[in-house]
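> First, the structure itself, so that you have it in front of you.
Just so it is clear, none of the values below were taken in a lab; they were calculated from the coordinates. From a predicted model like this one, the values you see are computed outputs, not experimental measurements. Glycine gets a Cβ as well: all are built from the backbone with ideal geometry, and neighbour counts include every protein chain shown.
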């Protein structure tokens, strides 16, 4: 999550709303479709580093996800902004 936000500049809410179908990864290119305020869509290119991270994530977790969203939580099929804030806080204290 943190790497995706860092390399793409997406907002926490946009990260939470990211669906598996919004992520396109190919051998030499990749992008994500972001739906922001007023449901406006934009396409964000993914560099080689984040494509590698996302490929590994999807390989490990895609079968275990609860729904259509890229990131889920223990209680829901979609992670919340508060959940992401909690994860970042934990990462900063380690």
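> Compute the Cα gyration tensor for the chain, then decide on rounded, prolate or oblate, letting a ≥ b ≥ c be the square roots of its eigenvalues: rounded whenever a/c is under 1.5, prolate when a/b is larger than b/c in the other cases, and oblate in all that remain.
rounded
> Once you've got the GNM for the chain with C-alpha springs shorter than 10 Å, pick whichever of 75, 11, 51 has the biggest mean-square fluctuation.
Greatest mean-square fluctuation among the candidates belongs to 75.
> Just rank 86, 93, fewest to most, by other beta-carbon atoms within 10 angstrom.
The order, fewest Cβ neighbours first, is 93, 86.
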